[in-house]
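Reviewing the structure listed below.
The values are calculated or read from the model by the stated rules, or taken from the named source; none is laboratory data. Just so you know, these numbers come straight off a predicted model, no measurement behind them. So basically every Cβ, Gly included, is an ideal-geometry build from the backbone, and we count neighbours across all protein chains shown. Calculation scope for accessible area: heavy atoms of the full protein, side chains included, ligands and nucleic acids excluded. Shrake-Rupley method; radii C 1.70, N 1.55, O 1.52, S 1.80 Å.
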Amino acid sequence: MDTLLHSPSSMAKRPCPSQNPRIPNLNQLDRDQLLDTFLEFSDSPPFAIDLSFERLLESRSCDADQTKLIDRALQLGSVLLEAAKRSARKRASKHNSLTWALPPDLTIKVFSMLDTQSLCYAAATCSMFNKCAMDPSCYANIDLTTVVPKVNNAVVSTMIHRAGKALQSLKLGVVPGPTTPLGSCQPLVYTIRNSVDVSNFSWNDKRSRQGKESSVLTRSCLSPLGGNSGAPGTLLRRLHLYNIERMDNTSLCGALVACPFLLDLEIVGLHVELRQTLQSVSANCHLIERLFFESSKTGRDDSLKSPTCVDLMTDCPHLSSLALRGFKLHDYKVRILLKGLRKLKYVDFSTSYSITGAFLRNLGSNTGGNLLEVLILRDCMHLKMVEAARLMTAVLAGDFKFLKHLDISNREGLASENDWYHRCYSTSTIPIRRVLEERPNLCLLAEFPPEGSYADIDQMFDSEPYSDISLPSASQMSSPSSDGSMFVSFSESSYNSDHGSGNEDARDAGYVIYDESSDEVDYVAV
């Protein structure tokens, strides 16, 4: 009796046919023959198969059995459909591998020349292309910039991990339009909250209704650069970041630590401080050659200090292109940079506050400024007319011999000597015509407000009206006028700047600033 009680096999119940229907034990050959016979029904009219299935369904007396039969039919149809799709893809891939003219190594080479979006499209074409597109060299130059937010951290992480040590260029963020040409001052700063195209975008939603991650890059989007002991960022040469509103100084500086061989850094619209960013560049990117930095809030960042300028020129001697747009700069700090960075050829301080132009005195004839090829001072609120005139005179005297592009345009006119609220422009003071005649290879942009923007209309040109110009013609420059000058005074500027130029009390303690006319020494540490 005890043996019977402890023997489960002897007490096993026979399964009910309705609960566990018997499944025929088919070998592979029988299954293939059965499937072949089943597929022959594809030649039959659809209504014939429909009627056969209805008769089979009516043969089941129990409602539960009918439901099971329908579910099994749907399951079998789904499995058969997926099997057919997989086989079609395999045949297409095999066909492509036989008909594709290029070997895999050349295919990878072609894919490495595609932009990131085109590469993703090619990878989705067939398994052969997908295999070739997974090569790390195809992701050496990653460009995930978009017009509206479409990329999240997961996409960036996937692309960086695919590239690995082959990563050389990385571009992220939202760019409002195509890349601006040389000399253009069109702002690249963009804010998602002001975009019409993403009016339904919820800034606080981290996940969409479908459960997927939102298309917003956060401060951790660059963390994969430091993964695998910093391997992805080791050979990175170019890093461009546009309007990533959730980026902060800590995350950006952490990414720069992982990129010791960075040559090209472009930052636009990020809420990061100028001083901390330059300090991080000086400490980690000693080989950098190009630095482009556009402030997200024009004229509000006054964080730059003289020691930071000294560190940048000392630790980054290969810097040949420098753009600091929209920051509150001062003449003596700018002069430290231009005099110390002896390989500078491109300089852009557009929409910068406080600089009056005094940093240009005696700069073009000495080491540190004589190699300049491009100088852009467009819409610098405190740029004085007298300093612009001195610059033109220096150009006529033979300074700035390599200068090819000069922009001193200002949509509100230049500042007068004593009061920057008093806007002016004098053709008799600024020898633009002579510069154009004696330096024909120099592209000079001098766009100022039209005639109607000035107060003394009666004393203006009598013949031809003054209008916005890019390169003033000889007829415009020779138009008769009483004193050749135009003035305008207003109380509220569109720049919303402070009342002073900012050079009066901004000099850092611990530094003695010599007179701007000195050719020998411009600063010295006390």
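For the reader, a short list of remarks on this structure follows.
- Residue list for the range 48-67, filter: within 19 Å of residue 38 (Cβ to Cβ) and surrounded by 12 or more Cβ atoms within 10 Å (Cβ to Cβ): 49, 52, 53, 56, 57
- Checked against (1) in a helix (DSSP H, G or I); (2) open to solvent by less than 10 Å² (accessible area, probe 1.4 Å); (3) at pLDDT 95 or above, residue 319 passes all but condition (1).
- Any chance residue 304 is within 22 Å of the chain's Cα centre (by Cα), crowded, with 20+ Cβ neighbours inside 10 Å and within 20 Å of residue 377 (Cβ to Cβ): no
- All positions within the range 262-272 that are more than 20 Å from residue 378 (Cα to Cα) and open to solvent by less than 30 Å² (accessible area, probe 1.4 Å): 262, 264, 265, 270, 272
- Residue check for residue 343: out of contact with any Lys or Arg (no Cβ under 9 Å at 6 or more places or on another chain) and modelled with pLDDT of 90 or more: yes
- Residue 209 being more than 27 Å from residue 319 (Cβ to Cβ), at pLDDT below 80 and in a loop (DSSP other than H, G, I, E, B): yes
- Cβ pairs under 7 Å, 6+ apart, first in the range 151-164 and over 12 Å from residue 139 (Cα atoms) and part of a helix (DSSP H, G or I), second open to solvent by 50 Å² or more (accessible area, probe 1.4 Å) and of a type outside the set (S, T, N, Q): 154/213
- Odd one out for residue 298, checked against (1) farther than 17 Å from residue 444 by Cα; (2) of a type outside the set (A, V, I, L, M); (3) buried (at least 18 other Cβ atoms within 10 Å of the Cβ); (4) without any contact (Cβ under 8 Å) to a residue 60 or more places away in the chain: (4)
- Test: residue in the range 327-339 that is more than 24 Å from residue 410 (Cβ to Cβ) and not hydroxyl-bearing (Ser, Thr, Tyr): yes
- Of all residues in the range 121-149, those being in a helix (DSSP H, G or I), modelled with pLDDT under 85 and open to solvent by 60 Å² or more (accessible area, probe 1.4 Å) number 1.
- Within the option set 97, 118, being open to solvent by less than 80 Å² (accessible area, probe 1.4 Å), modelled with pLDDT under 90 and over 25 Å from residue 323 (Cβ atoms) holds for one residue only, 97.
- Applying the criterion of being among the aliphatic types (A, V, I, L, M) and in a helix (DSSP H, G or I) to the residues of the range 273-295, the residue that is most open to solvent (accessible area, probe 1.4 Å) is 283.
- Conditions (1) without any contact (Cβ under 8 Å) to a residue 12 or more places away in the chain; (2) touching a strand residue (DSSP E or B) at 6+ places or on another chain (Cβ under 8 Å): number failed by residue 122: (2)
- From 373, 412, residue being of a type in the set (D, E, K, R) and at pLDDT 90 or above: 373
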